[in-house]
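The values are calculated or read from the model by the stated rules, or taken from the named source; none is laboratory data. Please read these numbers as outputs of a predicted model, since none were measured by experiment. For neighbour counting, all protein chains shown are included, and Cβ atoms are generated from backbone atoms with ideal geometry for every residue, glycine included. What goes into the accessible areas is simple: the full protein's heavy atoms, side chains included, and nothing from ligands, DNA or RNA. Shrake-Rupley method; radii C 1.70, N 1.55, O 1.52, S 1.80 Å.
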Amino acid sequence: MAKELTSRAENYSQWYNDLVIKSDLAENSSVRGSMVIKPYGFAIWEKMQAALDKMFKETGHQNAYFPLLIPKSFFSKEASHVEGFAKECAVVTHYRLKTDENGKVVVDEDAKLEEELIIRPTSEAIIWDTYKNWIQSYRDLPLLINQWANVVRWEMRTRLFLRTTEFLWQEGHTAHSTREEAIEEAELILDIYADFAEKWIGVPVLKGLKSPNERFAGAVETYCIEALMQDGKALQSGTSHFLGQNFAKAFDVKYVTKENKLEYVWATSWGVSTRLMGALVMAHSDDNGLVLPPKLAPIQVVIVPIYRKPEQMEAIRNKVDVITSNLKARNISVKFDDRDTFKPGYKFAEWELKGVPVRLAIGPRDLENETVEVARRDTLEKEVLQMEDIAEKIEHLLEKIQDNIFQKAFSFRDNSTFYVDTWDEFKIQVEKGGFMWAHWDGTPETEQKIKDETKATIRVIPFDGKGEAGKCVFTGKPSERRVVFARAY
RNA sequence: CGGGGUAUAGCGUAGUCCGGUUAGCGCGCCUGCUUUGGGAGCAGGAGGUCGCAGGUUCGAAUCCUGCUACCCCGACCA
């Protein structure tokens, strides 16, 4: 294992890359733009999945699975949807390989598909084509389906977790009988996402609407949660779309009302992806490595023995067995690092790099005094505690850590949030990073011009935005409320 | 897709300009002994089609031609 991590101050983006690789979350694969998620990283993703999946099910959603390959013609049905994704679709054109005269494997040109298949960049098309058959009556509604899947978007430039060619996500697709109910659904999901981000990942988020420029292709309204990373850039962390009747009309999905009238259904779609892993890494970690929120850490407590002789190790092991079973009884995941091939100092550094929230060290001194050294990853503080009720103390400590990293991220965001009223201020602040609450005249043209000049976009039109009126920071035209600008990932 | 760069062991690199013994070093890996409260030390060892394909030459990691892949900066994006 390499010893040094690039520091955040030195090169934030290098730090992020180093950290993801060195902490064993993921690595680049031999496939352009696609990563291998390694067991340690995947364990975190599985915990995210489990928590979200539970929340979806508790709110009446069911999981299903739809095909990876989508006939090309399906994409031409919703015009703005195609336009949004056309430039980044992988296309399957043949179904067979053969060996040529030089012994090389080549595509068999005789095996050309009648109609090309698109590897899903998102599943609206195939799902709405299916829903057409599932929905006839108001009794079939609402239809609340979620899918855990992989999708492919042929991005120009990729970064581990933040943007990869193939990524894992969940996508919810719901159908409703009224506009109001669909909007309610989109908002409900947004609340779930925000809750998950804050209570599990420990990342505070702003909730609100996207501006028209940033809206999902085919949506009437896009809701989002937006987080702020340590380098002052924003990360869109989840989106929930109110699709109106766009997809119902494109795929001809109608239902009969109680009054025996034929109506198009109302729709939503919503998703979060492995990008959340990127948010997790960038929000809390430091120059020593990952800092994982206890609720998502694959290993919550690691125990490092300190010993010289085999007899000491045995005495420690006996003590550790007791602690371990007490912790497990409280649903706390523990690892006893009894590898005899590494010294304690090495192990301390390694588990720090991997972000394990709590580390216990037990040596001869502790056995003698009935104590244990407890180190917390978030603050790097160490203290020696009495062994009595240790499991309970650790359980409380984990809660405290979960809370502390959220608070820390919250005050970071607070200190990186600015009210900006003039264009000069805007241009200066944008270089420093952070969320900028500014007035905007509401036109896509102005947003585009601001983006062209500063690379900053409207990240979110927040729900809790103060209703105060003002003048657009760029054009000086009247504005009803402030919106949040930032440079984004 | 535009601009720039790189390709040598699992990883990071020296050597390339100016061709010449057996391609060197660090990390990691293997074996042994000593070590263990913040990234151990010593000794020994294994590991290389020098990105691919041609060419020049007595001789190519090094020079020439073509190809490929990857990285960085833009435009695009969850």
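Just checking, which of A:LEU360, A:LEU367, A:LEU327, A:LEU353 is over 28 Å from A:ILE201 (Cβ atoms) and buried (at least 16 other Cβ atoms within 10 Å of the Cβ)?
Values: A:LEU360 fails: over 28 Å from A:ILE201 (Cβ atoms); A:LEU327 fails: over 28 Å from A:ILE201 (Cβ atoms); A:LEU353 fails: over 28 Å from A:ILE201 (Cβ atoms).
Step by step, each of A:LEU360, A:LEU367, A:LEU327, A:LEU353 is checked, and only A:LEU367 is over 28 Å from A:ILE201 (Cβ atoms) and buried (at least 16 other Cβ atoms within 10 Å of the Cβ).
In the condition set (1) under 29 Å from the mean Cα position of the chain (by Cα); (2) within 13 Å of RNA strand B (Cβ to nearest atom), A:ILE303 is compliant with all but (1). Hey, can you tell me all the residues within segment A:81-116 that are out of contact with any helix residue (DSSP H, G or I) (no Cβ under 7 Å at 6 or more places or on another chain) and within 18 Å of A:TRP154 (Cα to Cα)? Matches in segment A:81-116: A:GLU83, A:GLY84, A:PHE85, A:ALA86, A:LYS87, A:GLU88, A:CYS89, A:ALA90, A:VAL91, A:VAL92, A:THR93.
A quick yes/no check of all residues on (1) out of contact with any Gly (no Cβ under 6 Å at 6 or more places or on another chain); (2) open to solvent by 60 Å² or more (accessible area, probe 1.4 Å); (3) free of Cβ contacts under 8 Å to residues at least 60 places away in the same chain:
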site: A:TRP154; (1), (2), (3): yes, yes, no
site: A:GLU171; (1), (2), (3): no, no, no
site: A:ALA182; (1), (2), (3): yes, no, no
site: A:TRP200; (1), (2), (3): yes, yes, no
site: A:VAL205; (1), (2), (3): yes, no, yes
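Checking each residue in segment A:420-445 for being touching a residue at least 12 places away in the same chain (Cβ under 8 Å), closer than 18 Å to A:ALA488 by Cα and not in a loop (DSSP other than H, G, I, E, B) picks out A:PHE426, A:LYS427, A:VAL430, A:LYS432, A:PHE435, A:MET436, A:TRP437, A:ALA438, A:PRO444.
Residue selection: A:ARG413 satisfies the criterion of being part of a helix (DSSP H, G or I), in contact with a Leu (Cβ under 8 Å, 6 or more places away or on another chain) and surrounded by 13 or more Cβ atoms within 10 Å (Cβ to Cβ).
Could you list all residues from segment A:435-472 that are among the β-branched types (Val, Ile, Thr) and in contact with an Asp or Glu (Cβ under 6 Å, 6 or more places away or on another chain)? Working first, answer last.
Looking only at segment A:435-472, we keep the residues that are among the β-branched types (Val, Ile, Thr), and these are A:443, A:446, A:450, A:454, A:457-458, A:460-461.
A:ILE458, A:VAL460 - these are the residues of segment A:435-472 that are among the β-branched types (Val, Ile, Thr) and in contact with an Asp or Glu (Cβ under 6 Å, 6 or more places away or on another chain).
Test A:ASP403 against the stated conditions and say whether it is closer than 30 Å to A:PRO357 by Cα, in a helix (DSSP H, G or I) and acidic (Asp, Glu). Yes. The set of residues in segment A:308-348 being outside any loop (DSSP other than H, G, I, E, B), touching a residue at least 40 places away in the same chain (Cβ under 8 Å) and either within 23 Å of A:ILE44 (Cβ to Cβ) or more than 7 Å from RNA strand B (Cβ to nearest atom) (or both) consists of A:GLN312, A:ALA315, A:ILE316, A:LYS319, A:VAL320, A:ILE323, A:ASN326, A:LEU327, A:ALA329, A:LYS347, A:PHE348. Just give me the residues in segment A:211-225 being closer than 23 Å to A:GLN429 by Cα, at pLDDT below 95 and within 10 Å of RNA strand B (Cβ to nearest atom), in sequence order. A:ASN213, A:GLU214, listed by residue number. Could you tell me whether any residue of segment A:48-55 is modelled with pLDDT under 85 and over 19 Å from A:VAL281 (Cα atoms)? Within segment A:48-55, not a single residue is modelled with pLDDT under 85 and over 19 Å from A:VAL281 (Cα atoms). Residues in segment A:44-60 that are of a type outside the set (D, E, K, R) and touching a helix residue (DSSP H, G or I) at 6+ places or on another chain (Cβ under 9 Å): A:ILE44, A:TRP45, A:MET48, A:ALA51, A:LEU52, A:MET55, A:PHE56, A:THR59.
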